[in-house]
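Everything on this sheet refers to the single structure shown next.
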Amino acid sequence: MSSAIRWVVVCVTAVISVYQFRYRIINFASSYPLIRKLMVRLTMNVPYVRKKLLGHMFQR
């Protein structure tokens, strides 16, 4: 039982840390061209994001 609680605490702590430093992580990842290219590809595979971005880029 205590190992399950410890696992949950570790996961919650990791999620909070990633959320707190999300912009620093994104800036670090986008400084590398290969990772930046992968991030753009993954983002453009999400239909909602692709629709919003393309609609915003080509409007007058």
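Just so it is clear, none of the values below were taken in a lab; they were calculated from the coordinates. Quantities reported herein were computed from a predicted structural model and do not represent experimental measurements. All Cβ positions, even for glycine, are placed from backbone atoms using ideal geometry, and neighbour counts span all protein chains on display.
Where only DSSP H runs of four or more residues are counted, the chain gives -26000 deg cm²/dmol as its mean residue ellipticity at 222 nm, each run worth -39500 (n - 2.57). In the stretch 2-57, taking the dipole from charged Cβ atoms about the Cα centre, the farthest positive-side position among Ile26, Ser3, Val49 is held by Val49. Hydrophobic, long helices, defined as DSSP H runs whose alpha-carbon span along the helix axis is 24 Å or greater and whose mean Kyte-Doolittle value is at least -0.5, occur in the chain at 2-20. Among the chymotrypsin sites (Phe, Trp or Tyr not before Pro) within the chain, those in coil by DSSP and having at most 10 neighbouring Cβ atoms inside 10 Å are Phe58. Modelled spin labels at Val18 and Leu34, positioned 7 Å past Cα toward Cβ, are 2.2 nm from each other.
A Cβ-based charge dipole, computed about the Cα centre of the chain with Lys and Arg at +1 and Asp and Glu at -1, lands at about 320 debye.
Per residue, the convex hull around the alpha carbon atoms of the chain comes to 136 Å³.
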